[in-house]
Amino acid sequence: MEKIDLQTFHHIVFFTGAGMSAESGVATFRGAGGRWKEYNWQEVACQRAFDRDPERVLDFHRLRRREAIGCEPHAGHKVIAGLEAAHPGVTVVTQNIDGMHQRAGTKKIFELHGSLWRVRCPQHGVWEDRDPEFATRRCPHCGSWLRPDIIWFEDMLDDKVVAGATRAILACDLLISIGTSAVVWPAAGYPELARQNGAFCVEINPEPTEISGLYQQVIRGKAGEVLPELFEK
Ligand code: APR
C-alpha cells in the first residue's frame with residue numbers, strides 16, 4: 001500500500017465512524033452484528049423514548065458505557081493521535097461517542113454526535129460523568145432525569161460543534177474517511193463537501209459505501225491494520 005506523506009498537506013481531517021472502533025470491540029450500528037439489529041433506537045436512543053422511560057434509556061447507555069470501558073483504543077487510534085502530535089494541521093471529526101480517540105491521545109476533535117461520557121440537565125447544563133454506572137441518574141440540583149449528552153436520532157446537532165467541524169472540513173486539503181457507512185446526515189455530507197472544496201479524499205472501509213465513488217482513493221481494509229501501514233515509516 002502506498003504511504004501518505006502528511007507533510008505534503010496543510011490541513012488534514014480524519015473523519016471517523018463506528019467502524020473506527022470496531023477492532024477495539026465496540027459494536028457498529030449497521031452491517032453484521034450492528035447495534036440497530038439488536039435494539040430499536042426509537043425505544044432506547046431518542047428524546048421521545050427518554051421522556052417515556054428514562055430508566056430504560058439510561059440502562060441501555062449504561063450497557064454501552066460498560067462495553068466502552070472494557071475496550072482499548074487500537075493501533076489505528078494511536079496512529080492518528082501520533083500524527084496530530086507531529087503535524088499541527090491534523091483534526092479529528094468523529095461521529096463516535098465512545099471517547100476512544102481521546103483515550104489514544106487525540107486532542108483536536110469534534111464529536112458531532114456528542115459523548116457517552118457527559119450528561120445533561122435541562123436546567124443546569126452539561127458535565128462529565130465517567131462512571132460506567134452513571135454517578136447519578138438525577139440532577140443533584142433539581143432532581144431532573146439526566147440524559148446522556150449524545151445527539152440522538154431526531155436531535156439537532158450542536159451549532160458550535162458543527163461550525164468547528166465544517167470549518168475544518170472546508171480548510172482541509174486531505175480528508176481520510178474511516179469506518180462510516182455515510183448514511184446519517186448531516187455528517188454523511190462531509191466527504192462530498194471536502195471533495196467539492198478540492199481536498200484529496202480517501203476512504204478506509206472493508207465494505208463499499210453509498211459514496212465510495214466520490215473518493216480519489218479507496219482502501220478496502222480495517223482501520224487498525226490500514227492506518228499503521230499507511231502512515232508509519
Ligand atoms: N475498519 C474500518 N471500517 C469498518 C470496520 C473496521 N474494522 N468494521 C466495520 N467498518 C465499517 C462498516 O463497513 C460500515 O461501513 O464501518 C461502518 C460502520 O457503519 P455504521 O455502523 O453505520 O456506523 P456510522 O457510519 O458511524 O453511523 C453513523 O448512525 O446510529 C447513528 O449516531 C449513530 O454515529 C452513528 C451514525
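Laid out as a table, the results:
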{"item": "Any hit, the stretch 79-92, residues being among the aliphatic types (A, V, I, L, M), assigned to a strand (DSSP E or B) and either on the phi > 0 side of the Ramachandran plot or open to solvent by 10 Å² or more (accessible area, probe 1.4 Å) (or both)", "result": "no"}
{"item": "Every residue from the stretch 18-34 that is more than 6 Å from the ligand (Cβ to nearest atom) and hydroxyl-bearing (Ser, Thr, Tyr)", "result": "Ser21, Ser24"}
{"item": "Single match in Val57, Val26 (criterion: in a loop (DSSP other than H, G, I, E, B) and either at pLDDT 95 or above or in contact with a helix residue (DSSP H, G or I) (Cβ under 8 Å, 6 or more places away or on another chain) (or both))", "result": "Val26"}
{"item": "Unmet requirement for Lys37, which otherwise passes all of (1) open to solvent by less than 50 Å² (accessible area, probe 1.4 Å); (2) within 13 Å of the ligand (Cβ to nearest atom); (3) not small (Gly, Ala, Ser)", "result": "(1)"}
{"item": "Search result, residues across the stretch 150-198 that are within 13 Å of the ligand (Cβ to nearest atom), without any contact (Cβ under 8 Å) to a residue 24 or more places away in the chain and open to solvent by 30 Å² or more (accessible area, probe 1.4 Å)", "result": "Trp185"}
{"item": "Single match in Asp131, Asp98 (criterion: farther than 17 Å from Val44 by Cβ, among the acidic types (Asp, Glu) and not in a strand (DSSP E or B))", "result": "Asp131"}
{"item": "Qualifying residue in the stretch 82-98 (condition: within 16 Å of the ligand (Cβ to nearest atom), in the same structural domain as Asn197 (by TED's automatic domain parsing), in contact (Cβ under 8 Å) with a residue 12 or more places away in the chain and out of contact with any strand residue (DSSP E or B) (no Cβ under 8 Å at 6 or more places or on another chain))", "result": "no"}
{"item": "Answer residue from the stretch 185-219, given it is out of contact with any Ser or Thr (no Cβ under 9 Å at 6 or more places or on another chain) and charged (D, E, K, R) and is nearest to Ala22 (Cα to Cα) among those", "result": "Glu192"}
{"item": "Sole exception among (1) away from the ligand (no atom under 13 Å from the Cβ); (2) not in a helix (DSSP H, G or I) for Phe14, by number", "result": "(1)"}
{"item": "Test result for Arg220, open to solvent by 50 Å² or more (accessible area, probe 1.4 Å), more than 18 Å from the chain's Cα centre (by Cα) and near the ligand (Cβ under 10 Å from one of its atoms)", "result": "yes"}
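The values are calculated or read from the model by the stated rules, or taken from the named source; none is laboratory data. Model, not experiment: these values are computed from the prediction. A quick note on method: Cβ atoms are made from the backbone with ideal geometry, for glycine too, and the neighbour counts reach across all protein chains shown. Accessible surface is based on the protein model in full, side chains and every heavy atom, while ligands, DNA and RNA are left aside. Shrake-Rupley method; radii C 1.70, N 1.55, O 1.52, S 1.80 Å.
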